[in-house]
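Notes to accompany the following structure.
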């Protein structure tokens, strides 16, 4: 399979925006705000019953998202899903005072978590972290979290549409307290991996357990080698080519096997692939 450009699906959300991000058309006058853009493999399933292992999204927020949690592989499979949901965020833009809640301020029991979700105090018990452009976070399944307003974020996640809402600020949307509390790990967040650069222009943002996320910023050309794992390429800025096809910001691509890859000067590219373990010679 040569590299393919993924199709986009715009998802309207009440917390979304009318003005999106370079590479994405803004919402037409009178249209509903767009909160997410999904990148999907043409003809594949959405992850509810199968499909590719990873899913890439852009998030555009103008209001707080619900307080939520995702199950791990074991809990999700017990409920009939193919996998759980670890996810990672890369912040592209953040308004002043923008924040993301990850984990709780202190260790809580599941009963305390449930009670705080019912009375609304959960919002104050989360660890709201100030975020800025280029910050990145990997959140394992079971992490209680929420994303605040004023953010443009690329989200890389295990491919399953499975979210348990614990609290939604008094809205009428359905909550999932029984399942959500059961799969939660309500403890302070500890980053499972420290992002660092392993070579000029090659930074590892996360290494498993569900996937590896890298960021490449050095211009050049070579052969992309996935070591048997499919790879997702997400251009943040700039241009380049893959298998002779031009890529640019606002797109996402998937490659399997070996592909000829170039990054033009000024390119900024996210690269994700499933499972843990950084591929040493992924592009040479």
Report task. Using only Cα atoms, locate the centre of the range 51-78 and the centre of the range 167-232, then give the distance between them in Å, rounded to an integer. Result -> 11 Å
Query raised in the report: Anyone know which of 127, 179, 119 comes out most mobile in the 10 Å Cα GNM of the chain?
Result: 119
Query - 137, 58 arranged by Cβ crowding within 10 Å, fewest neighbours leading - result: 137, 58
Query raised in the report: When only Cα pairs under 8 Å and 6 or more residues apart are kept, what is the percent relative contact order across the range 129-284?
Result: 22 percent
Query raised in the report: Most fluctuating residue of 162, 55, 205 in a GNM of the chain with Cα springs under 10 Å: which is it?
Result: 162
Requested in this report: Within the range 63-95, find all residues whose amide N lies under 13 Å from a label point positioned 7 Å from the Cα of residue 171 along Cα-to-beta-carbon.
Outcome: 63-68
Report task. Classify the range 196-274 as rounded, prolate or oblate, taking a ≥ b ≥ c as the square roots of the eigenvalues of its Cα gyration tensor: rounded when a/c is under 1.5, otherwise prolate if a/b is larger than b/c and oblate if not. Result -> oblate
Query raised in the report: Arranged by the count of other C-beta atoms within 10 angstrom, fewest first, what order do 145, 97, 70, 176 take?
Result: 97, 176, 145, 70
Query raised in the report: So how tilted is helix 110-119 from the main axis of the chain? Cα-based, degrees 0 to 90, rounded to 10.
Result: 80 degrees
Report summary line: Only helices counted: for the chain, with every DSSP H run of 4 or more residues adding -39500 (n - 2.57) and the sum spread over all residues, [θ] at 222 nm is -2500 deg cm²/dmol
Report task. With springs only between Cα atoms under 10 Å apart, run a GNM on the chain and tell me which of 272, 88, 130 wobbles the most. Result -> 130
Report summary line: Exposure proxy check on 231, 254: fewest-to-most Cβ neighbours within 10 Å is 254, 231
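None of the figures in this text is laboratory data; all of them are computed from the coordinates on show. Predicted model only: the values in this text are computed from it and were never measured. We place every Cβ from the backbone using ideal geometry, glycine too, and count neighbours over all the protein chains shown.
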